[in-house]
C-alpha cells in the first residue's frame, strides 16, 4: 500500500508540474497574442495594458461570457422580466469594472450587435476551453494512471487467488493421498482379523503391529495438519519470552541423538557455551529445530553427517542445520517451503508428507526472521558448514530485542 501511495503521489506531482507549465504557456500566448486582436476587433476603445495577468484574463473572459449570456436571455424574455435581466447585466458590468478598472468604460456588451455578440461568445468560449484544457487533460491522464494501476493490482490479486486455490486443491489432494494408503491398510488388516482369516498368533501380531504403526502415521499427519492450520488461524499469537538459544538447541539435539544413531547418522554440534538470549516462543522454536533435524534424517541415506551450528555475527544470530546428504534440484528447492513439497522426485507412501518445512517457514516468518536453503557451492560462504552439502540457515536480526507478535 505504501508503494502504491508513493507511486500515485509521484505521478500526481509530475502531472501537476506539466499542467502548470502548459497552462502558464497557453495563458501567456492568449494574453500576448490572441487577446489584443480580440479586443481590437470587438472593443476598439479599450486601451491595452502593458501586461495582463493570468487571473485578470480569467476574470475578464468569465465576466464577458456571463454578460453575453445575460444579454441574450434578456432579449428572449417578455418585457416585464427584461428589466430584471437588465439590472443583472449592469451589476456584472460594474463588478467587471471594479475588478479590472481598465475595462470600466471600454468594454460594454449590452449594445453589441447580435452577430458580433455570438462571434465574441464563441471566441471567448474557445479561449476558456484552451485555458482549461491542461487541467482537463491532466485529470484524465491521472485518472487513467490510477485506473491502470488498480487494474494491475486487481489482476495480481486474482492471480494470487488462483495460485492459492491451486495450492489448496493440491494440498487437499495430497492429504487424501497420504491418508488413503494407511487407512486402506488398517481397514484391510482389521477386516482380515475380524473375519478370522488369520489364524497364526505370529501373523495376527504382525497385523496388529501394522495397524498400530499405520494409526500412528495417520495421527502424526493429522497433528501436522493441525499445527499448520493453527499457525494461519486468526487470533493465534506466539508466546514470546527471553530464553537461551544455545540451551534450547542442545536440548533438542539431545532428544534426537539416539534416533540419529539408529539411522546410521552422526551429529556434529558446534554451539557456544555462552548464553545467547533471544526473544522467541520456546515451543515453536523447538518445533523449528526438531523439524529441521528430522527432515535431515528422513531425506538422506545412512552415513549422512548432520550438523547443528549457532553463532553470533555483529547484530545477527545464525542457526544452521546442515547435512552431507543429497543435494536438492533447483526447481524443487524453489518450492521447498510450500505445503506437501518434497525434496525427492516422486511422492511415495513412506510417512514423509512435506509439511514439516512449511511449518518451519511459517514459524520463522512469524518471529520476523529469515529462513533459506543454501547448497554447494554457496554454502562455502558459511565457514562452519563449509564441509556439508546443504544447510537450512535461520538468520535472526536483533533477536534479543525483537518482540513477538501475532501474524499480520
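Computed quantities for the displayed model
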| read-out | value |
| --- | --- |
| Residue match in the stretch 108-116 (condition: at pLDDT 75 or above and surrounded by 11 or more Cβ atoms within 10 Å (Cβ to Cβ)) | yes |
| Of residues in the stretch 19-33 being loosely packed, with under 14 Cβ neighbours inside 10 Å and under 15 Å from residue 136 (Cα atoms), the one farthest from the chain's Cα centre (by Cα) | 24 |
| Filter result (loosely packed, with under 14 Cβ neighbours inside 10 Å and either under 13 Å from residue 178 (Cβ atoms) or in contact with a strand residue (DSSP E or B) (Cβ under 8 Å, 6 or more places away or on another chain) (or both)) within the stretch 197-219 | 219 |
| Residue that is surrounded by the fewest Cβ atoms within 10 Å (Cβ to Cβ), among those in the stretch 95-107 that are within 11 Å of residue 67 (Cβ to Cβ) and modelled with pLDDT of 65 or more | 95 |
| Residue that is farthest from the chain's Cα centre (by Cα) [pool: residues in the stretch 236-250 that are loosely packed, with under 15 Cβ neighbours inside 10 Å and assigned to a loop (DSSP other than H, G, I, E, B)] | 239 |
| Selection from the stretch 358-389 of residues that are crowded, with 18+ Cβ neighbours inside 10 Å, free of Cβ contacts under 8 Å to residues at least 60 places away in the same chain and closer than 13 Å to residue 323 by Cα | 374, 379 |
| Meets criteria (within 41 Å of the chain's Cα centre (by Cα) and farther than 30 Å from residue 356 by Cβ) for residue 200 | no |
| Test for residue 170: is it modelled with pLDDT under 90 and either more than 30 Å from residue 13 (Cβ to Cβ) or surrounded by 15 or more Cβ atoms within 10 Å (Cβ to Cβ) (or both) | yes |
| Residue that is in the same structural domain as residue 14 (by TED's automatic domain parsing) and over 30 Å from residue 17 (Cβ atoms), where the choices are 150, 142, 121 | 121 |
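The values are calculated or read from the model by the stated rules, or taken from the named source; none is laboratory data. Note that this is a predicted model, so its numbers are computed, not measured. Virtual Cβ from ideal backbone geometry, glycine too; neighbours counted across all protein chains shown.
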